[in-house]
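The block underneath contains the structure these notes are about, expressed in structure tokens.
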Amino acid sequence: MKLQILVFPDCPGRQILERLTSQIESSLPGVLQIEQILIDSPEQAGSYDFHGSPTLLVDGRDLDESKRGLPPMFGCRLYDGKPAPDLKWILERLEARMK
């Protein structure tokens with residue numbers, strides 16, 4: 001599976017996800033290819049399924065099912081009021097995708 005982490009250059013969620021990346025990889029060894037993509041324009045956001053920074057895509061689809069089908073958004077994104085999802089949230093959704 002390919003996990004793409006889409007972020008603005010100065011997004012506070014970017015640093016959180018950078019710290020979580022090694023934990024994600026070690027929790028699912030050999031399963032994921034992780035790539036970070038910097039989104040710096042509305043045009044670039046439109047070329048991805050980008051719903052604000054940070055967005056996590058697995059094989060091109062947003063991990064947050066509630067965002068699927070919505071138009072791209074060039075802005076900040078919150079996860080339960082926080083600038084990034086926590087490790088448990090990410091792993092639960094990744095594991096569900098593997099089933």
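Modelled label positions at D59 and Q33, each set 7 Å beyond Cα in the direction of Cβ, lie 1.3 nm from each other.
Over all directions, how big on average is the projection of the convex hull of the alpha-carbon atoms in the chain, in square nanometres? Please report the intermediate quantities before stating the final value.
On the way: hull surface 23.0 nm².
Directional mean of the projected Cα hull area for the chain stands at 5.7 nm².
At a 1.4 Å probe, what is the % contribution of carbon and sulfur to the accessible area of the chain? Looking at the chain in its full context, I get 51 percent from C and S.
Rounded to the nearest 5, what is the percent of antiparallel bridges among the DSSP beta bridges in the chain? Display every interim value, and only then the final one.
Values: 7 of 15 bridges.
That works out to approximately 45 percent antiparallel.
A Cβ-based charge dipole, computed about the Cα centre of the chain with Lys and Arg at +1 and Asp and Glu at -1, lands at about 220 debye.
Highest mobility in the GNM of the chain, judged by mean-square fluctuation with C-alpha springs under 10 Å and restricted to R68, R14, R77, is found for R68. Relative to the longest principal axis of the Cα atoms of the chain, the long axis of helix 12-27 lies at roughly 20 degrees.
Looking at the chain, the accessible area is 54 square angstrom per residue; that uses a 1.4 Å probe and ignores ligands, DNA and RNA. For segment 1-63, averaging the sequence separation of C-alpha pairs within contact (under 8 Å, six or more residues apart) and dividing by the residue count gives a relative contact order of 55 percent. Annotation: amide H-H contacts under 5 Å for I39 (H modelled 1.01 Å from N, sequence separation of 5 or more, or interchain): V7, F8. Between Y79 and A84, the built amide H atoms are under 5 Å apart, and every one of these is 5 or more places off in sequence or on another chain. Modelled this way, with points 7 Å down the Cα-to-C-beta line, the labels at M73 and W89 are 1.3 nm from one another.
The values are calculated or read from the model by the stated rules, or taken from the named source; none is laboratory data. It should be emphasised that the depicted structure is a prediction, and the values quoted were computed from it without experimental measurement. Note that we place each Cβ from the backbone using ideal geometry, even for glycine, and neighbour counts take in every protein chain shown. Remember, those area values only see protein heavy atoms, side chains included, never the ligands or the DNA or RNA. Shrake-Rupley method; radii C 1.70, N 1.55, O 1.52, S 1.80 Å.
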